[in-house]
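Colleague: Here it is, the structure, as structure tokens.
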Amino acid sequence: MGLLEGELGVGQRPLTDLDAEDAWLAFLRFGRLLFDVPDAPDADGLLFQYGTYSFDGPAMFTMDFTRQFEMADGYGDHDHYVQVHCELRYGPSPFLRALGRFDSWFFHGGGDDLNEWAARLSGQGAWATIHTLKPAEIRVYQEQV
């Protein structure tokens with residue numbers, strides 16, 4: 001989580017100063033870092049997702065950039081995943097709700113190109129709407145799943 005926070009400039013400026021574009025570019029820098037993970041097709045993945053959800057309060061449009069790492073036990077077998085999130089939350093609005101829900105994965109070692117994946121996502125019509133808005137809240141956190 002500390003590496004993502006470093007890319008976001010945590011401690012140098014408040015997270016509230018960031019917009020979606022700043023967070024996305026920081027996430028992609030974090031996503032380009034390679035780590036020693038198990039040799040499995042989904043051991044190191046990046047997830048871009050958005051939608052309107054009410055996880056812990058009123059419904060908010062949420063855009064979530066997640067990096068997922070597979071963790072192995074002492075025998076090299078899958079044990080669990082660790083996910084590092086950069087979550088941007090926006091106040092409810094009809095035009096954000098109208099964007100619906102979307103998710104897209106990228107896996108290192110999966111044969112796809114990270115830059116091409118990022119360009120496809122940045123080229124979506126929804127991104128044109130989202131990236132111009134200021135998030136009401138940005139959370140960076142890590143969880144085990």
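Colleague: Can you say what percent of the DSSP beta bridges in the chain, counting only those with both residues inside, are antiparallel? Round to 5.
Modeller: Just about 95 percent of them are antiparallel.
Colleague: Using a 1.4 Å probe, what is the accessible area per residue for the stretch 30-145, in Å²? Spell out each step's value before the answer.
Modeller: Working: 6170 Å² over 116 residues.
I get 53 Å² per residue for the stretch 30-145.
Colleague: Mind running the shape call on the chain? Use the C-alpha gyration tensor, a ≥ b ≥ c as the square roots of the eigenvalues: rounded below 1.5 for a/c, prolate if a/b tops b/c, oblate otherwise. Mind dumping the intermediate values first?
Modeller: Working: a/c = 1.68, a/b = 1.59, b/c = 1.06.
Because a/c hits 1.5 or more and a/b exceeds b/c, the chain counts as prolate.
Colleague: No solvent, one uniform scatterer per C-alpha: report log10 I(q)/I(0) for the stretch 4-65 via the Debye equation at q = 0.25, 0.26, 0.27 1/Å, two decimals.
Modeller: -1.08, -1.10, -1.13
Colleague: Using a 1.4 Å probe over the heavy atoms of the protein chains, calculate the carbon and sulfur portion of the accessible area of the chain as a whole percent.
Modeller: Heavy-atom surface of the chain belonging to carbon and sulfur, 1.4 Å probe: 51 percent.
The values are calculated or read from the model by the stated rules, or taken from the named source; none is laboratory data. Every value quoted in this text rests on a predicted model; they were computed, and no experiment measured them. Please note that ligands, DNA and RNA were not included when accessible areas were found on the heavy atoms of the full protein model with its side chains. Shrake-Rupley method; radii C 1.70, N 1.55, O 1.52, S 1.80 Å.
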